[in-house]
Amino acid sequence: MSPKSRIPAPDPGDTWEPRPRRRETPLGLVGHTVKFLGCSALGGVLLAGIVLPAAGAVGLGAKNGAESFENIPDDFKAPPLTQATQIFDAKGGLIAKVYERDRTVLTADQMAPLMRQAQVDIEDARFYEHGAVDLKGVLRAITKNAESGATVQGASTLTQQYVKNVNVEKAGDDPVAVAEAQRKTLGRKIQELKYAIKLEEDLTKDQILTNYLNITFYGHQAYGIQAAAQRYFGKNAKDLTLPEAAMLAGLVQNPSQYDPKLHPVAAQKRRDTVIDKMVENKHITPEQARDAKAAPLGLNYRDPQNGCITARAGMGFYCDYVRHVVKQDPTFGKSAAERKKLWDQGGLNIYTTLDPEKQAAAQKAVSDLVFVTDPVSAAMTMVEPGTGKILAMAQTRPYGLDKEKNQTVVNYNVDAAMGGGVGFQPGSNFKPIVAAAGLEAGLSSTQRYDSPNRMDWPTMKTCDGTWKNLSKGKKEGTIPNESPKEVGPYELKEAMALSVNTYFVQMEQEIGLCAVKQMADKLGVVGKAGGDPLQEVPALGLGTQEVSPLVMANVYASFAARGTYCAPVAINRITAVDGKDVPVAPAKCGQVMSETTADVINTVLLGVTEKGTAKDLGLDDGRQIAGKTGTTDEKKSAWFSGYTGNLAASVWLGSPGTKVPMKNIRIGGHYQEEVFGATGPGPIWQQAMSDAVKTMPEKEFPTVYIPDPPKRDPGNPIGSPSGSASGTAQPGSSQQPGRPTSGPGRPHDTTPPDQSDEG
């Protein structure tokens, strides 16, 4: 039979035609050769690393490969995945979401089955059929790449890709470590292979797939399928439709190239490729594929919302304060590194003490009465007496980095260590601390001093010695009252209402500066806002050393709580991703003065709001209030701190940077010839507190009876009060007094002198 007779006669209905034998191109021959060598190479690595680790092997660095494989530890452990932390207010409202990587870890049943299938079909269609390595896939990739003359197809299994992602996750934000984790070397491939084998022994395929979908990157700061679903479609991963799932699955190979926001045509083509794969693998019908391909991309894109800068309703500064609490409170880790790791790892739900209604009231007041474009700013903190809970934290200048919009990330309400600045001189806001120290030292509620209109700074006892005035008789060595009419004698209630400087200087002299410093420390004024210790100088009691509104609000909350001081509390509760509670520091409260002392302070501060400098600051509903004004030298800072029985608040007004004198100035659209505590921060406090207490029950603080002082003889205004401090020197050595920069007071505070350590 001739060769031609071997070809059967064609059937009339047969469309088959014999094809001429294909001539192999040189590249095709290379493909066959590489395919053969690929088998040898893969076999060499596998045998070298798995079957014959002790013997010589062949292919791709045989012996070295075997030894490398042998030396790689097989205790592969995936780190806890970095996730987003959510911060909530006291009523469950989301304040902000913060993260190093935007990710929310899901369980398998929280992911749409279509999403899981789409990812497998496009990344590793034989995932459920092969082990850690897919030999058939490797050979196919080698052949394809050889035939094309370039790398067009990878051969890593989904398990191996997961291992690579874990290594990248471990590298964190270290660019060198990330580059090393992604380096395409034989050693890295061998390591990934061994870890993949270990994983396939320890986890089911479904578990590996779930882990992969939680760790992988989908572009636009979205890590894991939940963040991706929310970023591109504004929905949860369990609710993804077929075309949506296909688009997301296609992103993994190259999130930049297939970015649906920047390259919608490429993204749609890639989506359709995934859909075709799902048909090919018989996971959807051709009809489903047709409908899915006909659908638009349907993006509902949401920009990444990360950090306190995205916080709502002016809560950015409070959000940042919470961050500082977590990073500094030893409850959250013994070392700074441990606490930072907890914060960076994320996955926390932080439930704070912030009351959204009171926050809104405070924010509205500081924004209504001080414009963001004004040369000065305002800050206000509200605290709950008896618990230390911070209920509001607001300031005029918004949280942000755009100086053109008068934004700042400096929290004027808190000390520098907690994200604030160096603080502000409180002026006469500090005088109640002096009074509390005096009462605790045994002085009476009717304590009288001659309180001249001007006096030399007297010698005062300190904790370690004696402070002496080296400028007696000179102007810089004296302290005046604000008004020429303020001439004693005065008793405590009247002196506090009028904020008489010389009265409180004489009280300091009698009890000593150490007693004042110790009382300040008990009330939470443990140092200056910038971090330096308080200086034991006479001007301490007149408020020349910088503090923050949070600190002062807590001082006044302690008076309202009858002498119980509670350290500031910002966090009620924290839960981790597994739903378990993260330990939170318990409230730290203690009695720092007798209830009787606190009741006397309440009474004299009530007098300030009834007959004194704050008599015009009553609340809308007329409930009982107490408080104290404060204005520093040249009106560079003004304060009002006050409270009801169940809410305390402190307001500062001034310029945080250039120290603008608040004279002949326009604030909040209104011209003021001169700003005082009662006319600047006072109205802010009044508006905010009137709104804040509307839903709160009226609660009065205990007071005591303090008789009014006897009327002075107009012809002899300077009396000889019993128990007055004469200003005589006390034995001991002189001390370096420090150099206050400006004087304290309401309209009653002036610059204390610089002193030196002589004599």
Theoretical FRET efficiency, 1/(1+(r/R0)^6), r = Cβ-Cβ of Thr658 and Lys235, R0 45 Å, to 0.05: 0.35
Cα-based equivalent ellipsoid, segment 567-633: semi-axes from gyration tensor eigenvalues, Å: 38, 17, 13
Gain on full stretching of the segment that runs from Gln221 to Glu280 - 0.36 nm per residue minus C-alpha separation: 18.1 nm
For segment 378-483, alpha-carbon Rg over 2.2 N^0.38 Å: 1.55
Spin-label pair Lys170/Thr695, simplified geometry with 7 Å Cα→Cβ offset, distance in nm: 5.0 nm
Rg to Rh quotient for segment 235-297, alpha carbon positions, Kirkwood Rh: 0.96
Ranked packing of 458-469, 643-654, 611-622, 198-209, most packed first, by mean Cβ within 10 Å: 643-654, 458-469, 611-622, 198-209
Dimensions (Å) - segment 409-556, Cα atoms, principal axes, largest first: 46, 32, 30
Cross-link pairs Lys475/Lys636; Lys97/Lys189; Lys485/Lys636 - those with Cα-Cα distance over 30 Å: Lys97/Lys189
Dipole magnitude of segment 575-725 about its Cα centre (Cβ charges: Lys, Arg +1; Asp, Glu -1), debye to nearest 20: 380 debye
Reachable aspartates and glutamates from Lys238, criterion Cα separation under 14 angstrom, eight or more residues apart if same chain: Asp109
Accessible area, probe 1.4 Å, largest first, for residues Leu443, Leu498, Leu513, Leu186: Leu186, Leu498, Leu443, Leu513
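Of Trp343, Trp457, which has the most accessible area with a 1.4 Å probe, and how do the rest follow in descending order?
Largest to smallest exposure gives the sequence Trp343, Trp457.
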Calculated P(r) of segment 153-289 - Cα pairs past 19 Å, %: 57 percent
Solvent-accessible ranking of Glu673, Glu491, largest area first, probe 1.4 Å: Glu673, Glu491
Packing rank of 396-407, 592-603, where each peptide gets the mean count of other beta carbons within 10 Å, highest leading: 592-603, 396-407
Proximal aspartates and glutamates relative to Lys282, as straight alpha-carbon distance under 14 Å, when same-chain residues fewer than 8 apart are discounted: Asp121
FRET E, pair Lys405, Lys334, Förster distance 51 Å, beta-carbon r, rounded to 0.05: 0.80
Cα→Cβ-extended label distance, 7 Å offset, between Arg666 and Asp206, nm: 7.0 nm
Dimensions (Å) - segment 333-391, Cα atoms, principal axes, largest first: 43, 31, 19
Cα centroid separation - segment 283-312 against segment 359-437, whole Å: 42 Å
Probe 1.4 Å - accessible area at Tyr565, Å² to nearest ten: 40 Å²
Dipole magnitude (debye, nearest 20) for segment 434-502, charges at Cβ of Lys, Arg, Asp, Glu: 260 debye
Backbone N within segment 464-499 under 20 Å of label point (7 Å from Tyr705 Cα along the Cβ vector): 491-494
Estimated FRET transfer efficiency (Phe371, Lys136; beta-carbon r; R0 51 Å; 0.05): 0.10
Computed label-point distance, nm, for sites Lys485 and Ala177 using a 7 Å Cα→Cβ extension: 7.0 nm
For segment 632-687 and segment 545-581, distance of Cα centres in Å: 24 Å
Per-residue SASA entry for Val168, accessible area with 1.4 Å probe, Å² rounded to 10: 30 Å²
Distance between segment 266-280 and segment 200-264 - C-alpha centres, whole angstrom: 15 Å
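The values are calculated or read from the model by the stated rules, or taken from the named source; none is laboratory data. All figures in this text were calculated on a predicted structure; none of them were measured in a lab. Note: ideal-geometry Cβ built from the backbone for every residue, glycine included; neighbour counts use all protein chains shown. Note: areas computed on protein heavy atoms with side chains; ligands, DNA, RNA excluded. Shrake-Rupley method; radii C 1.70, N 1.55, O 1.52, S 1.80 Å.
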